Amino acid sequence: MRLFGIPLPFTGERKALSSVTENRAGWFRVFESFSGAWQQNVTVDRDLVLSYHAIYACMTLIAADISKLRIKLVQQDPDTGIWSEIRNNAYSPVLRKPNPYQNRIQFLENWILSKLIRGNTYVLKVRDNRGVVTGMYVLDPNRVTPLVSDSGEVFYQLMTDNLAAIESDIVVPAREIIHDRMNCLFHPLVGVSPIFAAGVAATQGLRIQNNSAQFFGNNSQPGGILTAAGAISDETAARLKAAWEAGYTGKNAGKIAVVGDGLEFKQLTLTAEDSQLIEQLRWTAEVVCSVFHVPPYKIGIGAMPTYNNIQSLNVEYYSQCLQKLIEDAELCLDEGLQTKDGVGTEFDLKGLLRMDSVTQMEMLDKGIKAGLISPDEGRRDLDLPPVPGGNTPYLQQQNYSLAALAKRDAQENPFGASTPAPASKPDSEPEPPANDNMEAEARAALIELYKGLR
């Protein structure tokens, strides 16, 4: 079998394959948002709840924040253990341009949205004749089915997909697919979307909005009933109802009504204020935020935090919401690209964990003064070019090393004044330099001269 004109490396005989539903006896045929919801005909429409503002805002915020981070190819120094960015012709091109119709940001945004909406992201790898991955395509989760063989090997059935150049239904081994999945609550190969937990709140929020739209479409006039003091016939009741609906509802709502024979209008529908509509709508949005682990203020729900520390807020948002998704994507890319030992992918978090200008300058100032970073490294964070002599960390002259301080403390009196050692006296008279060519008389004269000088 071939894919993109390249033969797929199947080995061995074709084994019996079963889908994950058959493998686990169809565990996900009925999803209930709460116990008894199915019997009460309370269903969660996955496509409908995506239109709820809180779910849409949370998913697009998460996908946008992760996709804007640059993917770095890094290598670990075997001596120091420090990871530094490198370029490699085998991995860098596909990270920079995953496929012909998507750039890096669009590819990652598609990856994260598929994981949040469906709970699973399937990425098809394309290899060249050397076996190097040269392209990656995010597949439609509705057109991918995980399969398990009798021996436990994992395969994936792919349906026709024109964008991914899959011309017919095929089955590929797991090594040709990057499978990033959300929390696997029921099956290790099937992730569960956060919509599974936020669906009821989103459905309630949509019904509140629809009810509110109908209420305001009636000029904010609540519904009610007409009552009479005595008995009336069915024909009279139908006539009065039709006349009332025609004259005082819809665009005629709010007009003055004149009734007789003891008829009285009684309000039945609660107003928005009585039903606490705003509070209920805010509560449903807060539930959605809690499921996605997004701080409510990030999507305009609730008040902003009172303390002004952008870095602390971003770190909290990163650790609670984004870090798991980022770490998953990094590990999936490392395994999918089959990077060698000591080489991997890493998202550049500088675009996310940005600080305010005052805090950033204070941090760089302390780092340079402490000798932790060089001036050029601090200038690089400010998008400034290097300067001569700025590539070396500096310390002030009065700073001493720990070894020098330990040597000083080892003395008998570390803080006493040091006494200079006496100059040594020569044990014998200095001899004039020997010279075989010097005459005997000249030697004797030189000796007498030394004695006179002494």
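A few notes on this one:
- At q = 0.09, 0.10, 0.14 Å⁻¹ the log10 of I(q)/I(0) for region 65-209 amounts to -0.37, -0.46, -0.83, computed by Debye summation with a single uniform scatterer per C-alpha, solvent ignored.
- Subset of Lys97/Lys125; Lys72/Lys97; Lys72/Lys369; Lys68/Lys97; Lys68/Lys324; Lys72/Lys350 violating a 18 Å alpha-carbon distance limit: Lys72/Lys369
- Rg(Cα)/(2.2 N^0.38 Å) for region 300-392, N = residue count: 1.42
- With DNA, RNA and ligands ignored, accessible area of Asp77 (1.4 Å probe; Å², nearest 10): 60 Å²
- Near-label residues of region 147-181 by backbone N, under 12 Å of a point 7 Å along Cα→Cβ of Ser19: 147-148, 157-159
- The residues Leu61, Leu322, sorted by heavy-atom accessible surface at 1.4 Å with ligands and nucleic acids left out, run Leu61, Leu322 from largest to smallest.
- Qualifying trypsin sites (Lys or Arg not before Pro) in region 75-170, where qualification requires a DSSP coil assignment and no more than 13 other C-beta atoms within 10 Å, comprise Arg87, Arg130.
- Split the accessible area of region 44-85 by element, probe 1.4 Å, and carbon with sulfur accounts for 50%.
- Annotation note: chymotrypsin sites (Phe, Trp or Tyr not before Pro) in region 303-372 located in DSSP loop regions with a Cβ neighbour count of at most 16 within 10 Å are Tyr307.
- Around His293: net Lys/Arg minus Asp/Glu count, Cβ-Cβ under 11 Å: +1
- Ratio Rg/Rh, restricted to region 93-140 and using Cα atoms, in which Rh is the Kirkwood radius: 1.00
- Contour excess over end-to-end distance, with Cα ends at Gln397 and Leu372 and 0.36 nm allotted per residue: 7.4 nm
- With every protein chain in place, region 137-198: carbon and sulfur % of accessible area (1.4 Å): 49 percent
- Only protein heavy atoms count here; under a 1.4 Å probe, Thr236 has an accessible surface of about 40 Å².
- For region 58-166, the set of chymotrypsin sites (Phe, Trp or Tyr not before Pro) satisfying both a DSSP loop assignment and a count of at most 16 other C-beta atoms within 10 Å is given as Tyr101.
- In this view, the solvent-accessible surface of Ile208, computed with a 1.4 Å probe and all protein chains in place, comes to about 30 Å².
- Here the dipole of region 56-138 is about 300 debye; that uses its Cα centre as origin and unit charges on the Cβ of Lys and Arg (positive) and Asp and Glu (negative).
- R0 of 30 Å, Cβ-Cβ distance Ser357-Leu163: FRET efficiency to nearest 0.05: 0.10
- Cβ-based net charge around Thr121, under 12 Å, with every Lys or Arg adding one and every Asp or Glu removing one: -1
The values are calculated or read from the model by the stated rules, or taken from the named source; none is laboratory data. Keep in mind that this is a model prediction, so the values were computed, not measured. Reconstructed Cβ throughout: ideal geometry from the backbone, glycine too, with neighbour counts over all protein chains shown. With ligands, DNA and RNA removed, areas are computed over all heavy atoms of the protein, side chains included. Shrake-Rupley method; radii C 1.70, N 1.55, O 1.52, S 1.80 Å.
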